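Only one structure is covered here, and it is reproduced in the block below.
What follows is calculated from the coordinates using simple rules that are stated; it is not laboratory data. Keep in mind the model is a prediction, meaning the values are calculated, not measured. No Cβ is skipped: glycine too gets one built from the backbone with ideal geometry, and neighbour counts run over all protein chains shown.
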Amino acid sequence: MRRKEFETIDEYIETFPEDIQRILEKTRRTIRRAAPEAKEAISYSIPTFKLNGNLVHFAAFKNHIGFYPTSSGVRAFKKELSPYKRSTGSVQFPIGKPIPYDLVKKIVVFRRKENLGKKR
């Protein structure tokens, strides 16, 4: 089965139940506040923020919200992310448990600084 190609983050979010839409919208607002100049996009069929390249991605799944701050973002916050299932460049926040929006914000601020430091 092929995944639907979305044009906008709004289109993506609208495909989920209301409770998940609220989580996704709050995640989006958190990222937007931490990196106001980042551009919204869809990349890999999921919501993405770009700033001198990919900044972060996020997505909803059956049992978790996936947050993708790249490997550097996961490494830099390894201790704070330790309660969550992680891989090299991603973390899973279980649905039904509070999303650590303050931590998401800190990671986005870190990634923003990292991406703004890249040569253009």
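From the square roots a ≥ b ≥ c of the eigenvalues of the alpha-carbon gyration tensor of the stretch 43-91, which class results: rounded (a/c under 1.5), prolate (a/b over b/c), or oblate? Could you put the intermediate results ahead of the total?
Values: a/c = 2.75, a/b = 1.17, b/c = 2.34.
Taking the square roots of the gyration eigenvalues as a ≥ b ≥ c, the stretch 43-91 is oblate.
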**Report entry** Under-5 Å amide H pairs with PHE6, H placed in peptide plane, nonlocal only
**Finding:** none
Query raised in the report: Out of residues 5 or more away from HIS64 or on other chains, whose amide H comes under 5 Å of its own, with H placed 1.01 Å from N in the peptide plane?
Result: ILE95
Requested in this report: Could you tell me the number of lysine pairs in the chain with C-alpha atoms less than 16 Å from each other, where the two lysines are 8 or more residues apart or belong to different chains?
Outcome: 17
**Report entry** Centroid-to-centroid separation of the stretch 5-61 and the stretch 86-105 [C-alpha atoms, Å]
**Finding:** 14 Å
Query raised in the report: Counting other Cβ atoms within 10 Å, which chymotrypsin sites (Phe, Trp or Tyr not before Pro) in the stretch 1-72 have at most 10 and lie in a DSSP loop?
Result: PHE61
Report summary line: With +1 at each Lys and Arg Cβ and -1 at each Asp and Glu Cβ, the charge dipole magnitude of the chain around its Cα centre, to the nearest 20 debye, comes out at 700 debye
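In whole Å, what three semi-axes, largest first, describe the equivalent ellipsoid of the stretch 9-111 built from its Cα gyration tensor (square root of 5 times each eigenvalue)? Walk me through the numbers before you get to the answer.
Working: eigenvalues 68, 58, 28 Å².
Ellipsoid half-lengths, sorted descending, are 18, 17, 12 Å.
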Report task. Would you mind checking which residues have amide H under 5 Å from LEU55's amide H? H placed 1.01 Å from N; only 5 or more apart, or other chain. Result -> PHE49, LYS50
